[in-house]
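Chemist: Okay, here's the structure, questions in a sec.
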Amino acid sequence: MSGGLLLRVDRWASSALAHPDRFSELLADLGNIGVAVPVLAVVLAYVARRAHAAGAYRWWLPPLAAALLMALVPALVVPLKELIDRPGTPVEPPGTGYYPSGHTATAAVAYGSATLLLLPWLRSVPARRALLSACAVVNLAVGFGLVRRGYHWPLDVVASWCLGTVLIASLWIFLVRAGLTGGRRECSESE
């Protein structure tokens, strides 16, 4: 991992963006397990409660699927870090295991899953757009904060966004196939 155009661009982008400051550290912290997972847990509890109260078909399955997906993140990221063994940026102490970014993957899956589960419960198009925009802004802020602070190379962040996209898309496909994306569903077939 010492040559090639993509890595040269990655190094150039990192040197142009990396200027550690307190604000970038706060943005990066939005991807911490201690911040992102509690946000997801609150949303899971809210969605479960609301779906149960509405008599939704298999009300417990979307929150359970999202929780399992969140648990899958470290099971995927940690072996990838070990396998790829990428060194950190010049700002970080010498070491390896920076690719992909665990903070970015945590943020992408936690905030993305929360958004996906909340969308069916929002009635207005502006509310849905605002939620989608907020999710995108938070995830971009985490990635920017990680690169600006010097915790990660830009490609570390992009790789985790790709992984998060695959995981969130998988959750969405699962929920659609299970017929669990539209809030209340009357169950006419036998359960």
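The values are calculated or read from the model by the stated rules, or taken from the named source; none is laboratory data. Keep in mind that what you see is a predicted model, and the values were worked out from it rather than measured. So basically every Cβ, Gly included, is an ideal-geometry build from the backbone, and we count neighbours across all protein chains shown. With ligands, DNA and RNA removed, areas are computed over all heavy atoms of the protein, side chains included. Shrake-Rupley method; radii C 1.70, N 1.55, O 1.52, S 1.80 Å.
Chemist: On C-alpha positions alone, give me the angle between the axis of helix 102-118 and the longest principal axis of the chain, in degrees, nearest 10.
Modeler: 20 degrees
Chemist: Still on this model: If one puts a single equal scatterer on every Cα of the chain and applies the Debye formula without solvent, what log₁₀ I(q)/I(0) results at q = 0.08, 0.13, 0.16, 0.20 Å⁻¹?
Modeler: Scattering profile of the chain, log10 relative to I(0): -0.30, -0.70, -0.96, -1.32.
Chemist: Once the Cα atoms of helix 154-177 and of the chain are each reduced to a long axis, what angle between those two axes, in degrees from 0 to 90 to the nearest 10, is obtained?
Modeler: Computed tilt is about 10 degrees.
Chemist: Just name one of Val137, Leu30, Leu122: the one whose Cα is farthest towards the positive end of the charge dipole of the chain (beta-carbon charges, Lys/Arg +1, Asp/Glu -1).
Modeler: Leu122
Chemist: Of the heavy-atom accessible surface of the chain (probe 1.4 angstrom), what whole percent is carbon and sulfur?
Modeler: Exposed carbon and sulfur together represent 68 percent of the surface.
Chemist: Still on this structure, please answer the following. Please calculate the 1.4 Å probe accessible area of Arg22, with all protein chains present, and give it to the nearest 10 Å².
Modeler: Surface accessible to solvent at Arg22 totals approximately 140 Å².
Chemist: Tell me the relative contact order for segment 1-108 as a rounded percent, counting alpha carbon contacts under 8 Å between residues six or more apart.
Modeler: 28 percent.
Chemist: Using only Cα atoms, find the angle between the long axis of helix 125-149 and the longest principal axis of the chain, and express it within 0 to 90 degrees, rounded to the nearest 10.
Modeler: So the helix axis and the longest Cα principal axis differ by about 20 degrees.
Chemist: Still on this structure, please answer the following. Counting alpha carbon pairs within less than 8 Å and at least 6 residues apart, what relative contact order, in whole percent, applies to segment 71-191?
Modeler: Values: 112 pairs, mean separation 36.5, N = 121.
The normalised contact order for segment 71-191 reaches 30 percent.
Chemist: Please compute the per residue accessible area over segment 61-191 with all protein chains in place, 1.4 Å probe, rounded to a whole number of Å².
Modeler: Computed with neighbouring chains in place, this is 49 Å² per residue.
Chemist: Same structure again: Between segment 59-80 and segment 14-36, how many Å separate their Cα centres?
Modeler: 24 Å
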